[in-house]
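Each value in this text was obtained by applying a stated rule to the coordinates, not by laboratory testing. Fair warning: this is a prediction, and the values are worked out from it, not measured in the lab. Reconstructed Cβ throughout: ideal geometry from the backbone, glycine too, with neighbour counts over all protein chains shown.
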Amino acid sequence: MRAARRAQARGSTRERPGRPRLAGVAFLGLVGSCLVVATGGRLARQPLAEPPTTWGGLLNPVSTDSMSVLPALLIGGIALTLAAWVRAYVLAESHRLSARAGLVLLALWMVPVTFGPPILSLDVYSYAAHGMMLATSLDPYSTAPVALPLGSPQITAVDPLWRSSLAPYGPLALAVFRAVHTLTGGSLIGAVVVLRLLTLAGVALVAAGVLALAAPQRRAESLVLAVGNPIVLFQLLGAIHLEAIMMALVVIGLVAIRRGRRTLGLVLLAAAAAVKWPAALAAAAVVAWQLAPEPRPRGHPPATPPHPPHPWQPTHRRHQRHPQPARRRRHRRWRGGFAPRCAMSPWSCSRRRASRLSCPTVSAGFDRPRHPRPCPPGTRPPASSPTSSAGSWMPPVPHGHRTIC
């Protein structure tokens, strides 16, 4: 028991250095997102736009008569969030951050953005205005929001730049706007809250789809890279843009195609294009990918078996178009079968290509043959030939170029 407790304590002390790093990354991203939420709504507000509420002072107008530190705080918050995101990606790439820890980290960064006001953009109020236009039988494709009754909160909160513009969104997006207007009873604050929840659900679906598409060993890395970046945090979720719903439909469609349900995947991609047209590029790419022939790896045989060779067609490998490399033969230094054991280096003798008589050891007759030559028929080795301990005759001793028998 004591040994187990000591081993457990050692393991816990070894794991402690990774916890402060993750806590520091989480704190850095949380501070950055809080700074962006505290300043992004006030800086995005236009002089002629009147939001329905100040959102606890986070949407108060900024005075233009004096210098303000709000832009510096906004840039600092974005820089802190970007640094935390890069650090989290490095930890995930080195397998020091799991997918579950990455989900907790991203959820922590999204808390102030989810409960804060719309930041960096006023497009969400245009969504509510288009929903009100559809409820009053006005066509957003032919009529601008300026046709709404004067004094209504929907037209007052819209950015003056978009009050005279037609709807650039797809039919499915307009159907969502009308459903939100009907669900909230025409309340602008309620429409903002419901659209924020829809974008939050879209980001969650993107995270789930990324985890399903990524390889098991790269899930944390893909999650941090695709969902934890500042664009998703501040533009999709913070500014409440429709790209969150569009990307959710695209990713879920890719997951369906990956699992073999092509019809459902194409339907989801078409629905994403009905939200915003850039998703049509993803649908076209998927269709081209499905219709393209399957690539064949280089160096592998073709998918169909080759035709049998003609009866008089040569089939030897040296007659083929691409013959196999033949085995390299060993070089024989002594074609006569003798490997001299010389005081001089045998390689030096072979390099000089000298005769056997030029080598002092070979000329003296003390070398032994590697492949002994048999004696001619009817002859026997002389009695002076050496014998082995077993009584068998040893190979004859050469003398110069001849074998004495």
Here the equivalent ellipsoid of segment 137-201, derived from its Cα gyration tensor, has semi-axes (largest first, whole Å) of 19, 15, 11
Lys and Arg at +1, Asp and Glu at -1: neighbours of Ala157 with Cβ under 13 Å from its Cβ sum to -1
Relative to the compact-globule scaling 2.2 N^0.38 Å, provide the ratio for the alpha-carbon radius of gyration of segment 19-107. 1.37
Calculated FRET value between Arg96 and Thr53, using beta carbons and R₀ = 45 Å, to 0.05: 0.55
Please list 84-94, 98-108, 69-79 highest first by mean number of surrounding beta-carbon atoms within 10 Å per residue. 84-94, 98-108, 69-79
From the gyration tensor of the Cα coordinates in segment 163-283, what semi-axes in whole Å does the equivalent ellipsoid have, largest first, with each one equal to sqrt(5λ)? 26, 18, 12
Averaged over every viewing direction, what's the projected area of the C-alpha convex hull for segment 87-186? Give it in nm², one decimal, please. 8.9 nm²
Hydrodynamic calc, segment 6-160: Kirkwood Rh from Cα pairs, then Stokes-Einstein at 25 °C with viscosity 0.890 mPa s, so D in µm² s⁻¹ is 132 µm²/s
Starting at the first residue of segment 62-79, write each ³J(HN,Hα) from the Karplus equation 6.51 cos²θ - 1.76 cosθ + 1.60 with θ = phi - 60°, in whole Hz, x for Gly and Pro. 9, 6, 9, 7, 10, 5, 10, 8, 4, x, 5, 5, 5, 5, x, x, 5, 5
How far apart, in nm, are two points set 7 Å out from the Cα along the Cα-to-Cβ line at Leu213 and at Val146? 4.1 nm
Two-decimal Rg to Rh for segment 112-238 - Kirkwood Rh, Cα set: 1.06
Percent relative contact order for segment 41-196, counting Cα pairs under 8 Å at least six residues apart, stands at 28 percent
